[in-house]
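Peer 1: Right, I'll just put the structure down here and ask away after.
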Amino acid sequence: MTALIIDGKEIAKRKKLEISLEVEKLKESGITPGLAVVLVGDNQASKTYVRSKQMTCKELGMHSVLIEYTESVAEGELLRKIAELNEDDSIHGILVQLPLPKHIREMAVIEAISPEKDVDGFHPVNIGRMMIGQEAFLSCTPFGILVMLKESGVALEGKHVVVVGRSNIVGKPVGQLLLNENATVTYCHSKTKELVKHTQSADIIIAAVGRTGFITKEHVKPGAVVIDVGINRNEEGKLCGDVSYEEVKDVAGHITPVPGGVGPMTITMLMYNTLKSARNALNKLQRTNN
Ligand SMILES: Nc1nc2c(c(=O)[nH]1)N[C@@H](CN(C=O)c1ccc(C(=O)N[C@@H](CCC(=O)O)C(=O)O)cc1)CN2
């Protein structure tokens with residue numbers, strides 16, 4: 001058996017078209033969705049992602065601003081800039097590209113962003129709201145995974161999902177999102193004993209460990225859905241996932257490639273969240289005018 005490939009690029013393309021049409025409609029009401037991206041330092045991968053976010057804004061008719069700082073910027077300066085962006089009515093979404101240099105407290109920076117403009121969905125208010133099933137900005141990569149699964153017709157209710165990885169930006173929220181869809185979720189991580197026993201019973205595996213080729217065919221039950229969140233570089237600089245794609249594709253029922261799987265969905269859902277925030281701003285304006 002060869003797995004069906006879940007084509008993230010194609011799904012992202014469809015979603016972006018839908019978003020661009022909604023952006024046009026919103027513009028007729030006098031609001032152009034605006035995204036502010038804060039980039040600190042010289043990390044080449046971060047620069048690439050930020051450029052891609054800006055290009056996607058342009059492609060979808062959104063306004064974007066880039067605020068760049070050198071590696072040595074003081075945390076206080078970042079916090080002051082965020083406070084300013086929180087008050088800027090032309091900006092509906094604010095994000096600070098991660099990772100940040102070690103001297104800056106990531107959580108202090110995330111918490112400085114108004115939850116209403118936290119289009120990354122990293123603020124504890126949005127995470128908490130998502131956990132209890134309330135309206136919230138959903139973190140972009142987990143949200144992208146959920147959309148990919150739904151668009152590919154993968155049923156979630158009652159399915160056993162094994163999340164391998166427990167980061168705050170992917171592992172923990174993706175498990176919670178799938179739990180909200182009535183899946184049964186197991187979290188595995190670096191201290192989990194007998195990982196294969198857990199993953200072998202999974203209908204859906206979410207691999208988010210950050211280790212090239214970590215999930216092999218032995219981990220996968222025949223026919224399972226395998227979602228690869230890994231974005232690792234090998235010695236030659238080639239982009240690799242957390243899944244040994246070549247061997248797992250012969251066992252899995254569905255699989256996401258790297259590149260071209262989860263990655264393109266991350267920026268697409270960021271655009272969706274920015275549009276949603278701009279819509280919220282319009283609704284607020286209309287309520288105050290009535
Ligand atoms: N503030 C944030 N920081 C980071 C996030 C985030 O969601 N918000 N996620 C990652 C980086 N990231 C977006 O910022 C991101 C990673 C990967 C991709 C992507 O499209 N990957 C492509 C391959 C691209 C390449 O060739 O390098 C793919 O997988 O097909 C988009 C966005 C950490 N930081």
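Just so you know, all these numbers are worked out from the coordinates, no wet-lab data involved. The model shown is predicted, which means the values in this text are computed figures rather than measured ones. Glycine also receives a Cβ, built like all others from the backbone with ideal geometry; neighbour counts cover every protein chain displayed.
Peer 1: With both bridge residues required to lie in segment 8-125, what share of the DSSP beta bridges run antiparallel, to the nearest 5%? List each step's numbers first, then the result.
Peer 2: Values: 0 of 11 bridges.
If I count the DSSP bridges inside segment 8-125, around 0 percent turn out antiparallel.
Peer 1: Let me ask another. Between R211 and R14, what's the calculated FRET efficiency when r is the beta-carbon distance and R0 is 25 Å? Round to 0.05. Numbers along the way, then the final one.
Peer 2: Details: r = 31 Å, r/R0 = 1.25.
With a Förster radius of 25 Å, E is 0.20.
Peer 1: Could you size up the charge dipole of segment 180-231 around its Cα centre, putting +1 on the beta carbon of Lys and Arg and -1 on that of Asp and Glu, and report it in debye to the nearest 20? Mind showing how you got there, number by number?
Peer 2: Numbers: 6 positive and 5 negative charges, 48 e Å.
The calculation lands at about 240 debye.
Peer 1: For segment 1-48 and segment 58-123, what is the separation of their Cα centres, given in Å?
Peer 2: 18 Å
Peer 1: Measuring from label point to label point, each 7 Å out along Cα→Cβ, what is the S29 to E68 span in nm?
Peer 2: Here the modelled spin labels are 3.5 nm apart.
Peer 1: Same structure, new question: Once you sort the root eigenvalues of the Cα gyration tensor of segment 140-263 as a ≥ b ≥ c, which label holds: rounded (a/c under 1.5), prolate (a/b larger than b/c) or oblate (the other case)? Don't jump to the answer; show the numbers that get you there.
Peer 2: On the way: a/c = 1.33, a/b = 1.25, b/c = 1.06.
Verdict is rounded for segment 140-263.
Peer 1: Would you please give the FRET efficiency between L239 and L4, computed as 1/(1 + (r/R0)^6) with r the Cβ-Cβ distance and R0 = 30 Å, to the nearest 0.05?
Peer 2: Details: r = 22 Å, r/R0 = 0.72.
Efficiency, rounded to the nearest 0.05: 0.90.
Peer 1: Please report, in debye to the nearest 20, how large the charge dipole of the chain is about its Cα centre when each Lys and Arg carries +1 at its beta carbon and each Asp and Glu carries -1 there.
Peer 2: Numbers: 34 positive and 35 negative charges, 62 e Å.
Around 300 debye, computed over the chain.
Peer 1: If you don't mind, another one. Reachable aspartates and glutamates from K58, Cα under 14 Å, same-chain residues fewer than 8 places away excluded?
Peer 2: E24
Peer 1: Find the centroid of the Cα atoms in segment 220-273 and in segment 173-210, then give the distance between the two in whole Å.
Peer 2: A separation of 15 Å, based on Cα centres.
Peer 1: Quick check: net charge around V170, other residues with Cβ under 13 Å of its Cβ, Lys/Arg +1 and Asp/Glu -1?
Peer 2: Values: positive: R166, K172; negative: D120, D228, D242.
Cβ neighbours under 13 Å give a net charge of -1.
Peer 1: Using DSSP H assignments, which helices in the chain have an axial alpha-carbon span of 15 Å or above and a mean Kyte-Doolittle hydropathy of -1.0 or higher? Could the numbers behind the result be given before it?
Peer 2: Numbers: long enough: 8-28 (30 Å, -0.96); 44-59 (22 Å, -1.29); 75-86 (16 Å, -0.43); 140-151 (16 Å, 1.12); 262-289 (41 Å, -0.29).
Span-like helices in the chain: 8-28, 75-86, 140-151, 262-289.
Peer 1: Past the 22 Å Cα-Cα mark, which pairs from K53/K102; K53/K117; K159/K217? If you can, show how the numbers build up before the last one.
Peer 2: Numbers: K53/K102 24 Å; K53/K117 16 Å; K159/K217 20 Å.
Pairs exceeding the cut-off: K53/K102.
Peer 1: Separate question: Let a ≥ b ≥ c be the square roots of the eigenvalues of the Cα gyration tensor of the chain; is it rounded (a/c under 1.5), or, if not, prolate (a/b larger than b/c) or oblate?
Peer 2: Numbers: a/c = 1.83, a/b = 1.53, b/c = 1.19.
Note, shape of the chain comes out prolate.
Peer 1: Per residue of segment 155-165, what does 6.51 cos²θ - 1.76 cosθ + 1.60 with θ = phi - 60° give for ³J(HN,Hα)? Whole Hz please, x for Gly and Pro, Karplus curve as stated.
Peer 2: Result, rounded to whole Hz: 6, 10, 4, x, 7, 8, 9, 10, 9, 9, x.
Peer 1: What aspartates and glutamates does K249 reach when the alpha-carbon gap must be under 20 Å and sequence neighbours fewer than 8 apart in one chain are set aside?
Peer 2: D7, E10, E151, D203, E218, D228
Peer 1: Summing +1 for each Lys or Arg and -1 for each Asp or Glu, what net charge is found among the other residues whose Cβ lies under 12 Å from the Cβ of I67? List each step's numbers first, then the result.
Peer 2: Details: positive: R80, K81; negative: E68, E77, E84, D88.
Result for the local shell: -2.
Peer 1: Given a cut-off of under 8 Å on Cα pairs at least six residues apart, what relative contact order in percent is computed for the chain?
Peer 2: Working: 560 pairs, mean separation 64.7, N = 290.
Once divided by the residue count of the chain, the mean separation gives 22 percent.
Peer 1: Please give every one of the aspartates and glutamates within straight-line cross-link reach of K25, meaning a C-alpha to C-alpha distance under 20 Å, and leave out same-chain neighbours fewer than 8 residues apart.
Peer 2: E59, D89
Peer 1: Sum -39500 (n - 2.57) across every DSSP H segment of at least 4 residues in the chain, then divide by the residue count to get the 222 nm mean residue ellipticity, nearest 500. Could the numbers behind the result be given before it?
Peer 2: Numbers: 10 runs with 123 residues, N = 290.
Mean residue ellipticity at 222 nm (helix-derived): -13500 deg cm²/dmol.
Peer 1: Taking +1 at the Cβ of each Lys and Arg and -1 at the Cβ of each Asp and Glu, which of V225, S201, F214 sits farthest along the dipole of segment 175-229 towards its positive end, judged by Cα position relative to the Cα centre?
Peer 2: F214
Peer 1: Modelling each spin label as a point 7 Å along the Cα-to-Cβ direction, I'd like the L285/L21 distance in nm, to one decimal.
Peer 2: Taking the two extended label points, one gets 2.4 nm.
Peer 1: Please give the peptides 145-153, 104-112, 279-287 ranked by average Cβ packing (other Cβ atoms within 10 Å per residue), highest first, as a rough proxy for protection.
Peer 2: 145-153, 104-112, 279-287
Peer 1: In what sequence, highest mean first, do 52-63, 154-165 appear when ranked by Cβ atoms within 10 angstrom?
Peer 2: On the way: 52-63: 17.8, 154-165: 19.2.
Ranked by mean Cβ neighbours within 10 Å, highest first: 154-165, 52-63.
Peer 1: Can you tally the net charge around G8? Count Lys and Arg as +1, Asp and Glu as -1, for every other residue whose Cβ sits under 14 Å from the Cβ of G8.
Peer 2: Details: positive: K9, K13, R14, K15, K16, K150; negative: D7, E10, E151, D228.
Summing Lys/Arg as +1 and Asp/Glu as -1 gives +2.
Peer 1: Under the classification rounded if a/c is under 1.5, otherwise prolate if a/b is larger than b/c and oblate if not, where does segment 29-114 fall, given a ≥ b ≥ c as square roots of the Cα gyration tensor eigenvalues? Don't jump to the answer; show the numbers that get you there.
Peer 2: Numbers: a/c = 2.60, a/b = 1.35, b/c = 1.92.
Because a/c hits 1.5 or more and a/b fails to exceed b/c, segment 29-114 counts as oblate.
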